[in-house]
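See structure below.
The values are calculated or read from the model by the stated rules, or taken from the named source; none is laboratory data. Bear in mind the structure is a predicted one, so any value in this text is a computation, not a measurement. Cβ coordinates were reconstructed from backbone atoms using ideal geometry, including for glycine residues, and neighbour counts include every protein chain displayed.
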Amino acid sequence: MKLDFCKYQGAGNDFVIIDNRTDNFPKKDYDLIKLYCDRRFGIGADGLMLLENSVDADFNMLYYNADGRPGSMCGNGGRCMVAFAKTLGLFQNSTSFNAIGEKYYATIHEEQVSLNMMDVETIEVHKDHVFLDTGSPHHVTFTKNLRVVDVMEKGRKIRYGAPYFETGTNVNFAEKIDNNTFNVRTYERGVEGETLSCGTGVTAVALASFHTDLTKEKKINIETPGGRLQIEFEKENNIYKKIVLTGPATFVFKGTIKL
């Protein structure tokens with residue numbers, strides 16, 4: 001039996017996407033999902049997503065990390081899923097979908113997808129980092145000379161270290177460029193390496209930079225190795241709301257693979 005798939009990327013963060021509205025995909029076969037994400041023996045991706053039917057939205061999104069295990073929210077993945085869903089005729093220019101127990105809203109204009117992220121109520125400011133959850137947990141460290149930071153070594157150490165241990169966290173290293181622009185590199189949990197961008201990660205950096213007074217702007221540009229993303233937000237009663245992540249969501253190729 002063969003399976004149809006599409007490959008999308010959002011600022012270099014790439015995904016295998018499968019239309020599973022017939023519910024035929026073996027969702028518990030984590031080894032198979034890991035194989036599909038493998039860049040040598042499979043299709044190759046930072047994650048795999050299934051589009052499924054929904055009773056109260058245009059579709060449901062199921063996300064798996066490259067290690068084959070179910071993941072938390074993926075911002076770039078969500079934007080790519082929106083682009084894919086549009087090609088299926090599930091909506092015109094705006095949509096809603098369910099993912100990880102939350103309902104998300106998005107709009108699309110050509111290859112630019114704007115995704116409304118979940119509200120953020122708690123941001124922990126520590127001596128050398130900031131921690132917050134933007135749909136996925138993120139450890140943010142502001143640094144200088146970002147290009148020479150050993151993201152793999154430092155990121156892995158933080159990801160598995162105290163207080164995160166096996167549950168882990170995503171790790172972001174950020175450098176301020178100007179008043180509303182930051183460079184970001186991310187070690188991503190589940191991929192267990194550096195990705196070219198991370199949607200929930202750049203969102204975390206934007207909120208952390210405002211929360212720690214590194215910027216007064218509420219519209220922030222983030223430069224990643226894979227491209228530029230933009231985050232807008234508002235702050236009401238110490239809660240970050242109306243958070244919107246905008247960036248490209250680009251079709252790469254489609255194909256079939258043995259199931």
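Do any strands (runs of 3 or more DSSP E) entirely within the stretch 1-62 hold 1 or more residues that are buried (at least 19 other Cβ atoms within 10 Å of the Cβ) and of a type in the set (Phe, Trp, Tyr), and if so, which?
Numbers: elements: 2-10, 13-19, 47-52.
Fully inside the stretch 1-62 and qualifying: 2-10, 13-19.
Could you grab me the full set of residues in the stretch 103-126 that are among the charged types (D, E, K, R) and at pLDDT 95 or above? If you could, list the steps in order and put the result at the bottom.
Taking the stretch 103-126 first, the residues among the charged types (D, E, K, R) are 103, 110-111, 119, 121, 124.
Those that are among the charged types (D, E, K, R) and at pLDDT 95 or above: LYS103, ASP119, GLU121, GLU124.
So, in the stretch 89-145, how many residues would count as being among the aromatic types (Phe, Trp, Tyr), in contact with an Asp or Glu (Cβ under 7 Å, 6 or more places away or on another chain) and not assigned by TED's automatic domain parsing to the domain that holds GLU232?
Residues flagged as among the aromatic types (Phe, Trp, Tyr), in contact with an Asp or Glu (Cβ under 7 Å, 6 or more places away or on another chain) and not assigned by TED's automatic domain parsing to the domain that holds GLU232 within the stretch 89-145 amount to 2.
Search the stretch 34-50 for residues that are within 14 Å of LEU3 (Cβ to Cβ) and pair each with any residue that is surrounded by fewer than 24 Cβ atoms within 10 Å (Cβ to Cβ) and among the aliphatic types (A, V, I, L, M) when their beta-carbon atoms are under 7 Å apart and the residues are at least 6 apart or on different chains.
Listed by first residue and then by second, the contacts come to TYR36/ILE43; TYR36/ILE257; GLY42/LEU35; ILE43/ILE257; MET49/LEU62; LEU50/ILE18; LEU50/LEU62.
Could you please tell me which pairs satisfy a Cβ distance under 8 Å, a separation of 6+ or placement on different chains, a first residue in the stretch 1-25 that is over 18 Å from GLY47 (Cβ atoms), and a second residue that is modelled with pLDDT under 95?
Listed by first residue and then by second, the contacts come to MET1/LYS258; MET1/LEU259; LYS2/ILE257; LYS2/LYS258; LYS2/LEU259.
Within the stretch 1-49, can you find the residues that are farther than 13 Å from TYR64 by Cα and hydroxyl-bearing (Ser, Thr, Tyr)?
Residues satisfying the conditions are TYR8, THR22.
Name the one entry in LEU207, LEU214 that is farther than 20 Å from GLY75 by Cα, among the hydrophobic types (A, V, I, L, M, F, W, C) and assigned by TED's automatic domain parsing to the domain that holds GLU175.
On the way: LEU207 fails: farther than 20 Å from GLY75 by Cα.
Just one listed residue meets the conditions, LEU214.
Just to be sure before I move on: is ASN172 without any contact (Cβ under 8 Å) to a residue 60 or more places away in the chain and polar (S, T, N, Q) in the structure I sent?
yes
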